[in-house]
Amino acid sequence: MDIFLYTVLALIAALAICDLFVGVSNDAVNFLNSAVGSRTAPFWVILSVASAGVLLGATFSSGMMEIAKTGVFVPEMLTFKEVMVIFCAVIVTDVLLLNTFNSLGLPTSTTVSIVFELLGGTLAVACAKIWMSGAPFSELGSYVNSGKALAMIMGILVSVIIAFVAGLVIQYILRLIFTFQYERMYRWAGGIFGAVSLTAILYFLVMKGARGASFMQPEWILWMDENTEEILFGVFALCFVLFQSAIIFLRANIFPFIILSGTFALAFAFAGNDLVNFVGVPVAALDSFHLFTSQPGADPEVMTMGGLRNITHTPTLILAGSGVVMCLTLWFSKKAHRVIRTAVNLSSATRGGKEQFGSSLPARVMVRSALRMNDVFHQIIPKSVFAALDTRFVKPRPKPGQIELPFDELRASVNLVLAAALIASATSMKLPLSTTYVTFMVAMGSSLSDRAWDRESAVYRISGVLTVITGWFLTAFSAATACGFVASLMALWGEPVILIGMIFALCVIARTNFFTKDAPEETEETARQVDKGDQSSICELLTTNVNHYLDRTLTVFSDGLVAFLREDNESLAKLKAESISLMDEISERRGIYYSMALQGGGRKRDRDARNFYYRAFTNMKEVSHSLRDQLGVAENYVANSHSPFRGKMRENTILLAKEMQQVRDNFSPQACTRVLEHLDLAQQSFLVQIGDEHISLRKSELYLGFLLFAREVLNRFMMVKLLQTELEVETAKTAQEDAEKKASFNEALVEGAVLQNTASDKQTA
């Protein structure tokens, strides 16, 4: 028994470390997005500040550990064996569920999952116990701490609404005061804004969130409660004097300080509230083990766990160790850095990328309703009022060559400070919140009040909000159901299922997160080239990308033809998915022209190069779109078990696949012309073959579709190659002209130096 328990505890600890790594890798964007997006400081500075907040916040989360011990189930009603079954089922389900959601790219929440996993596991174990004992199922409610569980569930739901409304209202008021050209008002109101922000951070994080810290003394808490007003007033006055003096006399910008302070606060609040999601169950299992071993000879099937209520503090060493793991993940997890970059790019309206969320019918209805209500308001309220409000939301035009940031420093400050305050308040009340949902909804509310939701993006933003809410219910249902199923298996089959389940979960999480090769990422150098938007950079991008996308397109198409002839529907599905990924990638690359255009400026040859870039990527985008459609038709054809190609059709399809591979390996106008001639002959002969062999319409459409796509890909890529060649010639000509100008300038310098020396010699003589 002892060996089994120690093994289980070791496996739980290993799964907790994996859970910490996966959770922080995906949640780091919650408290780093605003600072990185506003470019308020170097990345290493932001990471250092966030790490300090995470490490300190982890030690303040002791009180939150009670959620895993007594927040959902009633420990007096459960034995040691039953509690350990619940904990094992929860940790196994949690790592597998979160890993599945992350792999699918679906919105999820570690807080929602852990709460509903505990609920589902408790109900499953309680049902099994009642069924085996023959007791009535009306006693089921006595096993669940219904009041606390309902409070946590309602807290998570209400926090989503509060976060959105608070972000909307506060950002709207501040934008009316400061406007987008906040430098004017900043000189007079910047000190007040900074003082209020830091005072709020101190109040919610220290005076509210610190109560559950393992090292906090009761007399310290009592002193803060008795002197709350004096402390807040003193902090506000001190910060106001310092900030206003720095603004007036030093002309300092205090927004970076506020943003970094907000990043620290949000990282602090994240660690304090979310650490229980990753180590709460392992800590509860360890405490249960200590209670059991403290009574030698105790029966695990008889001894109840009411003693868990008396363990109110978690060892600081465990909390600090968890904080260290979270900090290391921030610094060294490539996945975390990739998630941060992706979130920042998607939050920008100027990069030309695709929307993070698609459109939906409810979102469309809400947008249309909002537009009608807006028309009604314009008829009732005087136009002068709207005109006055519009003047407060006029964005300054970016300077030539300047890259517009996803959001300015004012909105970044609001997002950070407000989200940190909400999460810390919940932590002080020992209520778990979804930091992902809170930060997301605050950002959505502030962006709406900033009029970032225009008619071009409103439907997608609303769809995102609805997706988050739907994801909440999906996560809750999935977590409760899955954990209930796993707990039932463990309760019925005992030790073998527990060990197998935990080892399986550990292997899955380790393989998918530590032993999977990451896809190649866009380098920073490439990003800088895109941002330049000059002729030489665009020429280099085309030279690199055209050959890459030509190779991928022809490879996918030829492999698709081979898979179709083999009637390999699984390979066709994978190739279709690859074609969709290819289309998305090309579309994103094509959208870069918009950021180039926003920069403005540049010489005529640079503007011409941007036009070349747009035309080339437009052709490649159309090819990728047709490739996706054609493979989709082929996949449906095979899936529906229609008759395969035979005879001349099959031979021509095999020949077409080989010719596409040859063109891929050696692309030239001569090779394309030869293949186009073969396509003409194949199409003419097939039109005669239809009547002679009575080929069905469905089969004819598919075959002719293959021929037409082959013709399209060759014609369009020949056009792309022509554009690329023309741009290379113009770039070479520009480089030669610049070299000649430089040589002439150097010659003039030499001649000037010679004349000057001659004059000096004459003067000396």
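Here, each number is a calculation from the coordinates, and none is a lab measurement. What you see is a predicted model; the values in this text were computed from it and never measured. Neighbour counts run over all protein chains shown; Cβ positions are idealised from the backbone, glycine included.
Along the axis of the charge dipole computed for the chain (Cβ charges of +1 for Lys and Arg, -1 for Asp and Glu, origin at the Cα centre), the listed residues Ala163, Gly297, Thr329 are led at the positive end by Ala163. Ordered by the count of other Cβ atoms within 10 Å of each Cβ, fewest first, Cys539, Cys507 give Cys507, Cys539. Each peptide in 603-613, 643-653 gets a packing score, the mean of other Cβ atoms within 10 Å over its residues, and the list from highest to lowest is 603-613, 643-653. If the cut-off is a Cα-Cα distance under 17 Å, which aspartates and glutamates reach Lys383, setting aside same-chain residues fewer than 8 apart in sequence? Result set, ordered by chain and number: Asp375. Size descriptors for region 575-685: radius of gyration and Dmax over Cα atoms are 18.8, 60 Å.
Relative to the Cα centre, the charge distribution of the chain, modelled as +1 at Lys and Arg Cβ and -1 at Asp and Glu Cβ, gives a dipole magnitude of about 1720 debye.
Scanning the chain for long hydrophobic helices, with DSSP H runs required to stretch 27 angstrom or more by C-alpha along their axis and to average at least 0.0 on the Kyte-Doolittle scale, returns 2-27, 80-104, 110-133, 146-178, 228-249, 255-293, 361-380, 409-428, 458-493, 495-514, 535-566. Taking only the Cα atoms of the chain, the ratio Rg/Rh comes out at 1.06, with Rh defined as the Kirkwood radius. For Cα pairs less than 8 Å apart in space and 6+ apart in sequence, what is the mean separation divided by the residue count of the chain, i.e. the relative contact order in percent? In percent, rounded to a whole number, it is 23. Quick one: pull the percentage of alpha-carbon pairs in region 178-306 with a separation above 19 Å. The answer is 66 percent, as a whole percent. In terms of the mean number of neighbouring beta-carbon atoms within 10 Å, the peptides 114-126, 218-230 order highest first as 114-126, 218-230. Of interest is the spacing of the C-alpha centroids, which for region 1-51 and region 100-169 amounts to 23 Å. Report note on the peptides 667-675, 710-718: ranked by the mean count of other C-beta atoms within 10 Å, highest first, their order is 710-718, 667-675. Checking the cross-link filter: which aspartates and glutamates have an alpha carbon closer than 13 Å to that of Lys129, excluding same-chain neighbours under 8 positions apart? Once the sequence-local aspartates and glutamates are set aside, what remains near Lys129 is Glu82, Glu139, Glu301. Taken about its Cα centre, region 524-747 carries a charge dipole of about 300 debye when Lys and Arg each add +1 at the Cβ and Asp and Glu each add -1 at the Cβ.
Expressed as a whole number of Å, what is the distance separating the alpha-carbon centroids of region 239-276 and region 171-191? If you average the Cα positions of each part, the centres end up 17 Å apart. Remark: region 664-718 carries a charge dipole of roughly 200 debye about the Cα centre, counting +1 on each Lys and Arg Cβ and -1 on each Asp and Glu Cβ. Note on region 524-747: semi-axes of the ellipsoid equivalent to its C-alpha gyration tensor, largest first and rounded to whole Å, are 41, 19, 13. Going from the fewest other Cβ atoms within 10 Å to the most, the residues Ile500, Ile153 appear in the order Ile500, Ile153. Averaging Cα coordinates gives a centre for region 432-470 and one for region 628-697; these two points are 47 Å apart.
In the chain, helical runs assigned H by DSSP with n ≥ 4 each contribute -39500 (n - 2.57); averaged across all residues and rounded to the nearest 500, the mean residue ellipticity at 222 nm is -27000 deg cm²/dmol. Toward the positive end of the charge dipole of the chain, with +1 on the Cβ of Lys and Arg and -1 on the Cβ of Asp and Glu, the farthest Cα among Phe233, Leu56, Leu371 is that of Leu371. Only lysine pairs 8 or more places apart, or on different chains, with alpha-carbon atoms under 17 angstrom apart are counted in region 524-747, and they number 8.
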